[in-house]
Every structure is written in C-alpha cells, then in structure tokens.
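Here the structure comes first, spelled out in structure tokens, and everything after it is commentary.
The values are calculated or read from the model by the stated rules, or taken from the named source; none is laboratory data. None of these values were measured; they are calculated from a predicted model. A quick note on method: Cβ atoms are made from the backbone with ideal geometry, for glycine too, and the neighbour counts reach across all protein chains shown. With ligands, DNA and RNA removed, areas are computed over all heavy atoms of the protein, side chains included. Shrake-Rupley method; radii C 1.70, N 1.55, O 1.52, S 1.80 Å.
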Amino acid sequence: MASLKEKIGYALGDAAAGGITWKVMSIAFPLFFTNVFGLTIADTATLMLIARMFDVVTDPLMGALADRTQSRFGTYRPWMIYGAIPFGLIFALLLFTPDFGPVGKRIWAYSLYLMMMAVYTAVNVPYGSLLGVMTEDDNEKNQFSSFRMVGAYAMGFVTLLSFPYLQKFVGGSPQHQYAVLGAFFGVVAALGTLACGLLTKERLKPVRAEKFSFKQFGDLFKNAPWIYLTLIGICTNFFNGFRYAVAGYLFEYCLKGDVTVSGLIINYTVFMTFGELTCMVFGGISPVFTKWMGSKKKAFSVAAIICAVTSVGFFFVPMDASYIWVMVAIVILTSIGVGLYSPLLWSMYADVADYATQKNGTSSTGLIFSSGTMAQKFGTAISGSLVALFLGMAGFISGTNPATGETVITITNESAVREMVWSLFSLFPAAIVVIMLFLIYKYPIKK
C-alpha cells in the first residue's frame, strides 16, 4: 500500500514537468517567440515542427532505454534524479533572449528548444513509466494518476496566476522579465523533479528484454489498444494545444490587452488559470466519476462531450472585454471535461502496458509510456505550429529588425487575424474532440 507521502512525491514530478515547464512552453512560447524574442512567425512554426520530428525518434528510444536501466535507484527513478538539474537549467536558458541578430537568435532558439525537448524526454518518459512499477492494483494506479494530474494542474494554477504579477515585480523590459522568471521557475522545476525521484518507490520488477530489438517497436504497431490510445493522446493535446497557444494572441488582438476587473489583472495566463484550478479539482474527482460511470471508456467519452459542447459555445460569445466573465465561465466548464479525462489517459496507458506484457511476455512499459509523452509533445507543439501558420495566413507578420535587434510586429488584416484567433480557441478544438470521440469508441480495452 503506497503512502500519502509517496503519492505527493509522484505528484511533484508532473507539477514540475506539466505544471511549470510544459505549461509555460504551451501557453507562453508562441507569443514569447514572436512578440518578445523576435522570431518570425515562419521560424516559430518551423521550430516546433522540427522539434516534433526529433521527438518521434527520441521518445521511443528513451522508452526502450529506460526499460533496460538498472541502478541502485531502480529502473526509472535514476533518470529523474540525475536529470533534474539539466532539466531546470535548459528551461531557464530557453527563456533568455540573447543580444543577437536574426540569425544568431534563430540558432539560439533552435538549439535550446531541441535540447529542452531531449532533456524533457529523458526525465518525463521514465516518470510516466514509473506508474507501471509502483503498484499492480488498478484502483491505486488511478489514485496515483489522479495525484499526478492534481499536482500538474495545481502547479499550473500557481504558475499562470502568478506570472503577470511576477513580471510586474521584476520590472524592466519583457526580455528581462522572461529571463528572470525562466531562472526562477527552472529552479522550482528541478527541485520538484528531484523530489519525485527520491520520494517514490519501484515495487514491481519489469520482465526485461535484456537485448535491444526493433521487434519491440514492431510489436507496438500490432497492439490495437496502443494505436488507438496514442491517437487519442495526440487529440487531447491538440485540443489543449490550440487553446493554450492562441490564448496570448486572444488577449493581445481580440480583447485589446489585459483586462482589469476590481484590481484583478486578467491576462492570458490568468485567464487559463481558471481552467487549471477547475482541472485540479475535477482531476481529483476523476476516480470517483469513473467508478460512477462504470468504465474508463464511458467516463472519457462523457468528459470529451463536455469539451466539445463548451468549445462551440465559446465561439458565439461577443469578442468584447465586457464579456470576460462569460468567457471565464466557459473556460471553467470546458476544464471540467479536461480535468475528468486527463487522469484516465495515463491510467489507460498502464492498462495498455499490462496488455502488451501479457501478449508479448516481456515488459515494454517505458516504450508504451514514451508514446504518451510523444503524443503530449507532438499534439501540443504541432498545434502551436499550426497556430503560427494560420495566423501568418490571416495576416500576422513578426520578426527582428536587423539594424536595431528590436522585435517588429505587422498586422496586414486585423479582422481576419481576430476571427482566426477566435476560431482557433473554439471551433478548431471542438473539431478535434469529434475525432477523439470516434477513437475512444473504437478503443478495445473495456476497463
């Protein structure tokens, strides 16, 4: 029986990765790269696409490597313990804007972003895989998964809510603010990752395939539950990715800047914070909701329908700051669905890993969970890349002045850009949910 301390320790892992680094990368990076760092909209889109192709290779390889690790800390925990410091350091450097011209900035951004993806993979794939060896009890797996989601959303809530106030406290240029906050959150992320590695336990011994073989990769594509769940995972991250990546542009160009209500500064990070808090609450309720619904598959479907309906509803809200609380209300309702299905996704990966072990005779837990991390990064970054691409098509142009090094923004068609932003936050995610519902209907594991 796992202790509360261990469950909290496991939660700290995703508080660091999902609640800090990935949350900032998802919501702040598109706007940061175009409006603060000074990349062109094309460079921003290309950067995220290249990083995803990089992850297609590194994530499965990391899963296979983690499955074969043997150390005094176990199979998966050493990757978090030894990877914590590089994880925080590279994240901090990625939010630093060097005093370079367009080419130098491009090299810096591409190099650091790829390094961040590599170290994120090295830490987060073993972290996800850890769920498969901490307990064999299905209810306890759901509890660990729920703690994980609560940790991620709780830290995401703190990170996004505090962001504009910390920027104001730091002062100076936007470049200076992001650099200081990158260093601060990088330290917190490193400490959370280290604590997770030290506080958790590996109780189950994986049935190892000691020799590396590409047969394991081939087996994945014969595993129907894995195929469907990976596609579902990509869809869930497309859904979140569109909304997070475009939120900054929504405030900048649709609502004409931050909205202040009774002294509360509502910018794009605070706006999404309402959703983080809701996800945290309903992520904790998810195991009870799943038991009430009778199966993970049915619970996931109902949660996804909530997301589809509320996303379409957002499109019909007037594009005016006076309706800010209506927008907040819809974000909260959408986040009920997200909060309910997010823990289920990782619990279902554990089911798929068990299915693969029974079918093939050896453990591929790390490889299975690496596909979850790959889906997370693929869905989020491709959606971010598509946001940049669609905004460029609508008339948004960004870049760096070669003479002064300053960021330059040009809008050639303001109404088209605003309509595109609004649709990317509402109709595009709703369409993704329709695909997701078809996939969950076809998913063959009935738990």
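Quick grid of which residues meet (1) of a type outside the set (Asp, Glu); (2) modelled with pLDDT of 85 or more; (3) farther than 30 Å from Lys205 by Cβ:
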position	(1), (2), (3)
Gly366	yes, no, no
Ile397	yes, no, yes
Thr404	yes, no, yes
Ser415	yes, yes, yes
Ser423	yes, yes, yes
Leu439	yes, yes, yes
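Within the range 322-336, residues that are part of a helix (DSSP H, G or I) have Cβ atoms under 6 Å from residues that are modelled with pLDDT of 95 or more and open to solvent by 10 Å² or more (accessible area, probe 1.4 Å) in these pairs: Tyr323/Val317; Val326/Val317; Met327/Val317; Ile330/Thr310; Ile330/Gly313; Leu333/Thr310; Thr334/Thr310; Ile336/Ile306, counting only partners at least 6 apart in sequence or on another chain.
Working only within the range 129-144, note down all residues that are part of a helix (DSSP H, G or I) and either more than 20 Å from the chain's Cα centre (by Cα) or modelled with pLDDT of 80 or more (or both). Selection gives Ser129, Leu130, Leu131, Gly132, Val133, Met134, Asp138, Asn139, Glu140, Lys141, Gln143, Phe144. Cβ-Cβ distances below 7 Å connect the following pairs, each with a first residue in the range 111-138 that is over 20 Å from Leu47 (Cα atoms) and in contact (Cβ under 8 Å) with a residue 60 or more places away in the chain, a second residue that is among the basic types (Lys, Arg) and part of a helix (DSSP H, G or I), and a separation of six or more residues or different chains: Leu130/Arg77; Leu131/Lys141; Thr135/Lys141.
Kindly check whether there is at least one residue in the range 159-178 that is among the small types (Gly, Ala, Ser), touching a residue at least 40 places away in the same chain (Cβ under 8 Å) and open to solvent by 20 Å² or more (accessible area, probe 1.4 Å). Looking for residues that are among the small types (Gly, Ala, Ser), touching a residue at least 40 places away in the same chain (Cβ under 8 Å) and open to solvent by 20 Å² or more (accessible area, probe 1.4 Å), one finds none in the range 159-178, hence no. The selection criterion, being outside any loop (DSSP other than H, G, I, E, B), under 20 Å from Leu391 (Cβ atoms) and open to solvent by less than 20 Å² (accessible area, probe 1.4 Å), does not hold for Ala299.
Only one of Thr121, Thr97 is open to solvent by less than 50 Å² (accessible area, probe 1.4 Å) and assigned to a loop (DSSP other than H, G, I, E, B). Can you tell me which? Just a single option satisfies the conditions, and that option is Thr97.
Every residue, every condition in (1) farther than 25 Å from Thr400 by Cα; (2) at pLDDT 85 or above, yes or no:
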| residue | (1), (2) |
| --- | --- |
| Asp59 | yes, no |
| Phe73 | yes, yes |
| Gly88 | yes, yes |
| Val103 | no, yes |
| Trp108 | no, yes |
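Right, Val24: within 20 Å of the chain's Cα centre (by Cα) and without any contact (Cβ under 8 Å) to a residue 24 or more places away in the chain or not? Taking the combined requirement at face value, the residue does not satisfy it.
Here the range 393-410 is the region considered, the condition is being open to solvent by 60 Å² or more (accessible area, probe 1.4 Å) and not in a helix (DSSP H, G or I), and the residue that is nearest to Gly104 (Cα to Cα) is Pro402. Among the residues of the range 177-190, none qualifies, meaning not one is out of contact with any strand residue (DSSP E or B) (no Cβ under 8 Å at 6 or more places or on another chain), under 30 Å from Asp99 (Cβ atoms), at pLDDT 90 or above and in a loop (DSSP other than H, G, I, E, B). Going through (1) within 22 Å of the chain's Cα centre (by Cα); (2) at pLDDT 95 or above; (3) more than 21 Å from Leu264 (Cβ to Cβ); (4) not small (Gly, Ala, Ser) one by one, Trp346 falls short only on (2). Quick check: is even one residue across the range 372-380 open to solvent by 50 Å² or more (accessible area, probe 1.4 Å), touching a helix residue (DSSP H, G or I) at 6+ places or on another chain (Cβ under 8 Å) and at pLDDT 85 or above? Within the range 372-380, not a single residue is open to solvent by 50 Å² or more (accessible area, probe 1.4 Å), touching a helix residue (DSSP H, G or I) at 6+ places or on another chain (Cβ under 8 Å) and at pLDDT 85 or above.
Checked against (1) open to solvent by 40 Å² or more (accessible area, probe 1.4 Å); (2) under 23 Å from the mean Cα position of the chain (by Cα); (3) modelled with pLDDT under 85, Thr260 passes all but a single condition, namely (2).
For (1) of a type in the set (S, T, N, Q); (2) farther than 14 Å from Ser426 by Cβ; (3) touching an Asp or Glu at 6+ places or on another chain (Cβ under 9 Å), each residue gets a yes or a no:
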| position | (1), (2), (3) |
| --- | --- |
| Ile234 | no, yes, no |
| Ala247 | no, no, no |
| Val270 | no, yes, yes |
| Met280 | no, yes, no |
| Ser286 | yes, yes, no |
| Ser301 | yes, yes, no |
| Gly313 | no, no, no |
| Asp320 | no, yes, no |
